[in-house]
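*Asks:* Supplied in structure tokens, the structure appears directly below.
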Amino acid sequence: MGARILVAEDDAKQAGLIRIYLEQDGHAVHVVGDGRAALDRARTARPDLVVLDVMLPGIDGLDVCRILRTESDVPILLVTARTTEEDILLGLDLGADDYLTKPCSPRELAARVRALLRRSGKATDGEPAVLRVGGMEVDTVRFEVRLSGRTVTLTSKEFGILETLAREPGRVFTRAQIIERAFGFDHDVLERTVDAHVMNLRRKLEQDPAQPQHLETVYGRGYRITDGGTARP
């Protein structure tokens with residue numbers, strides 16, 4: 001069983017992306033869209049962690065943070081488009097445990113959540129820290145990739161794509177789905193950029209990048225990861 005996480009975010013698309021990634025980590029996620037609902041839910045459900053957007057309607061996220069901190073020690077991760085040092089310090093001074101600025105990837109947000117849960121002692125043994133596909137290991141905590149015991153150095157975007165595919169081996173992901181899951185709030189990523197990153201991944205992971213055995217193209221659909229066996233049609 002994962003943690004019980006409350007997400008307070010009024011942007012439905014961003015809330016959906018956050019939910020997807022946190023649920024993939026095994027957490028039970030409840031989403032609310034305004035500050036009053038966030039306070040009510042936190043008081044009744046007593047979540048293990050709160051992901052709190054600052055720009056909420058009704059009661060803003062900073063006030064929600066301040067009130068929650070007087071009532072409980074629940075870990076709070078603030079997410080906001082405000083990027084000045086004063087804004088960051090204010091959020092931390094009001095009791096937030098961590099602070100993430102937009103645009104951010106849901107992968108990074110999920111990693112911050114894992115770190116906060118570990119620090120608070122609420123992490124679970126079932127947390128999928130290392131994803132294994134055949135002879136490949138994707139360590140989502142250390143951000144490391146090992147292939148047949150060999151460490152492979154990847155960029156952050158390459159790692160994000162590989163992690164997305166490795167979470168569901170055999171599943172075909174469209175380029176749009178990869179962008180949403182690997183890059184999240186980074187709206188400037190283009191579908192052809194995914195192709196370029198996959199080409200780089202193949203150079204690093206495949207014995208013969210022209211005949212990939214791990215990262216397969218499914219023509220007309222997208223990409224999938226396999227265990228390195230014979231490529232399927």
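The values are calculated or read from the model by the stated rules, or taken from the named source; none is laboratory data. Remember, predicted model here, so these are calculated numbers, not experimental data. Cβ sites come from the backbone with ideal geometry, for glycine too, and all protein chains shown count toward neighbours.
*Asks:* If you check every pair at least six apart or on different chains, which have Cβ atoms under 6 Å apart with a residue in the stretch 169-183 that is over 8 Å from Pro106 (Cα atoms) first and a residue that is part of a helix (DSSP H, G or I) and among the polar types (S, T, N, Q) second?
*Replies:* Final answer for the pair search is Ile178/Thr164.
*Asks:* Continuing with this model, one more query. Could you check the stretch 62-88 and list, in sequence order, the residues that are of a type in the set (Ser, Thr, Tyr) and closer than 17 Å to Asp10 by Cβ?
*Replies:* Of all residues in the stretch 62-88, those of a type in the set (Ser, Thr, Tyr) come to 70, 72, 80, 83-84.
Result: Thr80, single match.
*Asks:* Go through the residues of the stretch 138-147 one by one and say whether even a single one is crowded, with 20+ Cβ neighbours inside 10 Å, at pLDDT below 85 and under 25 Å from Leu17 (Cβ atoms). Give the steps one after another, and end with the answer.
*Replies:* Narrowing the stretch 138-147 to residues crowded, with 20+ Cβ neighbours inside 10 Å: 138, 140, 145.
From what's left, at pLDDT below 85: 140.
Subset that is under 25 Å from Leu17 (Cβ atoms): 140.
Yes, some residue in the stretch 138-147 is crowded, with 20+ Cβ neighbours inside 10 Å, at pLDDT below 85 and under 25 Å from Leu17 (Cβ atoms).
*Asks:* Name the residue, out of Asp25, Asp10, that is farther than 17 Å from Val79 by Cα, buried (at least 16 other Cβ atoms within 10 Å of the Cβ) and touching a residue at least 12 places away in the same chain (Cβ under 8 Å).
*Replies:* Working: Asp10 fails: farther than 17 Å from Val79 by Cα.
Going through Asp25, Asp10 in turn, just one is farther than 17 Å from Val79 by Cα, buried (at least 16 other Cβ atoms within 10 Å of the Cβ) and touching a residue at least 12 places away in the same chain (Cβ under 8 Å): Asp25.
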